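Enquirer: Mind having a look at this structure? Questions to follow.
The values are calculated or read from the model by the stated rules, or taken from the named source; none is laboratory data. Not measured: the values here are computed from a predicted model. Note that we place each Cβ from the backbone using ideal geometry, even for glycine, and neighbour counts take in every protein chain shown. To get the accessible areas, we keep the full protein, side chains included, count just its heavy atoms, and leave off ligands, DNA and RNA. Shrake-Rupley method; radii C 1.70, N 1.55, O 1.52, S 1.80 Å.
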Amino acid sequence: MARHVTVFMCAAKVGSFSLAAETLSVTQPSVSLSVKFLEDKLGFDLFERSTRPLRLTPEGSAVMELLQRYRMEFSELLQRIRSDNFIRPILRIGLIESIADFAAASLVKSLKPLCGQLRLKVATSETLMAQISNRGLDAAIISSELYSGEYFDPEPIFSSPLVLMLPIDSPIEVIDSWATLLRAGIPFIHHSKITADGIAIQRFTDRFSLNFPYMLEADNNRAIFQMISAGLGWSFFQPWSLFESGQLTTVKILKAPVAMPSRKVQLVCPHLSDRTIRETIKKSLSSLVVQKSETRLSPLAPWLCREIKIY
């Protein structure tokens, strides 16, 4: 650890990774790795890498001042920063699109007091998990059952079953069998198989040997909602995708004739040691889901709120 601190202090003094490498008789990649190691441990950037000469971030300057003033060991420095909240960390958090649509602003508002800087990434669960694996993100809110085990250790936040969404002018009020939909002649709108919803729906239809012929397919929930609103067909839908989908007066939500699979929304943050931030993310999102369910879904489908599970 002392070697990494020495490298950091030298780079800060000379304003260049290459000069620091020359001064310390090491390679430049070695300097970069030492600085990255400290940044990962601290949870924030030490240098502004876009400037020449190299310049310390405000957090990096504070760390440098502490090291120079007290000549403390890095472990002591880390403990002091964490216990006194001397420097608030940079938090890099990823969200799947359907969660970002309704929760990004509320999450930022809840996390802002705990972070020096907040960086949001919106992408698929697979992309977010790839960035978690290579430490490009500190935390991610995903909806996928593919990532489990001791390393990722996902923490569940809430889950909800797929529902059926039809145009408001559809004559169907109750679906007692899949044949009801087929007889009505309403086109099926397919979720693309590259999406988590598409994968879940395909597994479900394969399991029950269901075949819904389709002409329309999309990989975006908002686009599918708009097509259903326009009377172009029906589809399966995740309830939380309706929280910011526009006016729900143009669609109807009905129960399926069988129990539908649920998708679980989870927090994955194997590198995030700050328990307060972890709990804030989960509490903020679960509270928002309850609020949105009551205001958006309850008037349209009261039964659905009872099927959304908060962990």
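Enquirer: Regarding the stretch 139-150, can at least one residue be identified that is open to solvent by less than 50 Å² (accessible area, probe 1.4 Å), modelled with pLDDT of 90 or more and small (G, A, S)?
Expert: Scanning the stretch 139-150, I find at least one residue that is open to solvent by less than 50 Å² (accessible area, probe 1.4 Å), modelled with pLDDT of 90 or more and small (G, A, S), so the answer is yes.
Enquirer: Of all residues in the stretch 183-200 being touching a Phe, Trp or Tyr at 6+ places or on another chain (Cβ under 8 Å) and among the aliphatic types (A, V, I, L, M), which is surrounded by the fewest Cβ atoms within 10 Å (Cβ to Cβ)?
Expert: Checked the stretch 183-200; the qualifying residue surrounded by the fewest Cβ atoms within 10 Å (Cβ to Cβ) is I186.
Enquirer: Do any residues in the stretch 1-16 that are assigned to a helix (DSSP H, G or I) and open to solvent by 40 Å² or more (accessible area, probe 1.4 Å) have Cβ atoms under 7 Å from those of residues that are β-branched (V, I, T) and at pLDDT 90 or above, where the two are at least six apart or on different chains, and which pairs are they?
Expert: V14/T23
Enquirer: Before we move on, is K282 at pLDDT 95 or above and either surrounded by 20 or more Cβ atoms within 10 Å (Cβ to Cβ) or basic (K, R) (or both)?
Expert: So K282 fits the description; yes.
Enquirer: Further question: Among the residues of the stretch 122-138, is any surrounded by 15 or more Cβ atoms within 10 Å (Cβ to Cβ), in a loop (DSSP other than H, G, I, E, B), of a type in the set (A, V, I, L, M, F, W, C) and without any contact (Cβ under 8 Å) to a residue 60 or more places away in the chain?
Expert: Yes: one or more hits.
Enquirer: Of all residues in the stretch 13-27, which are β-branched (V, I, T) and either more than 17 Å from M64 (Cβ to Cβ) or modelled with pLDDT under 90 (or both)?
Expert: Within the stretch 13-27, V26, T27 meet the criteria.
Enquirer: Further question: Based on this model, can you work out whether R203 counts as among the charged types (D, E, K, R), open to solvent by 40 Å² or more (accessible area, probe 1.4 Å) and part of a helix (DSSP H, G or I)?
Expert: yes
Enquirer: Another question, if that's okay. Could you give me the residue pairs with C-beta distances under 7 Å whose first residue belongs to the stretch 266-295 and is assigned to a loop (DSSP other than H, G, I, E, B), whose second residue is surrounded by fewer than 20 Cβ atoms within 10 Å (Cβ to Cβ) wherever it lies, and which are 6+ apart or on separate chains?
Expert: Taking only residues 6 or more apart or on different chains, the pairs are C269/R278; P270/Y151; P270/F152; P270/D153; H271/R135; L272/R278.
Enquirer: Scan (1) within 20 Å of I253 (Cα to Cα); (2) in contact with a His (Cβ under 9 Å, 6 or more places away or on another chain) for the single condition I189 breaks and write down its number.
Expert: Unmet condition: (2).
Enquirer: Could you figure out which of (1) in a helix (DSSP H, G or I); (2) over 24 Å from W178 (Cβ atoms); (3) open to solvent by 10 Å² or more (accessible area, probe 1.4 Å) isn't true of S241?
Expert: Unmet condition: (2).
Enquirer: Looking at the structure I just gave you, is S235 part of a loop (DSSP other than H, G, I, E, B), on the phi < 0 side of the Ramachandran plot and buried (at least 22 other Cβ atoms within 10 Å of the Cβ)?
Expert: Here the answer is no, as S235 does not meet what is asked.
Enquirer: Another one. Provide a single number: the residues in the stretch 291-311 that are loosely packed, with under 14 Cβ neighbours inside 10 Å and either under 18 Å from the mean Cα position of the chain (by Cα) or among the polar types (S, T, N, Q) (or both).
Expert: 3
Enquirer: Right, another one. Just give me the residues in the stretch 209-232 being in a helix (DSSP H, G or I) and either of a type in the set (A, V, I, L, M) or surrounded by fewer than 18 Cβ atoms within 10 Å (Cβ to Cβ) (or both), in sequence order.
Expert: Listed by number, the residues that qualify are R222, A223, I224, Q226, M227, I228.
Enquirer: From the set of residues in the stretch 31-71 that are open to solvent by less than 20 Å² (accessible area, probe 1.4 Å) and among the hydroxyl-bearing types (S, T, Y), which is farthest from F8 (Cα to Cα)?
Expert: In this case the residue turns out to be T57.
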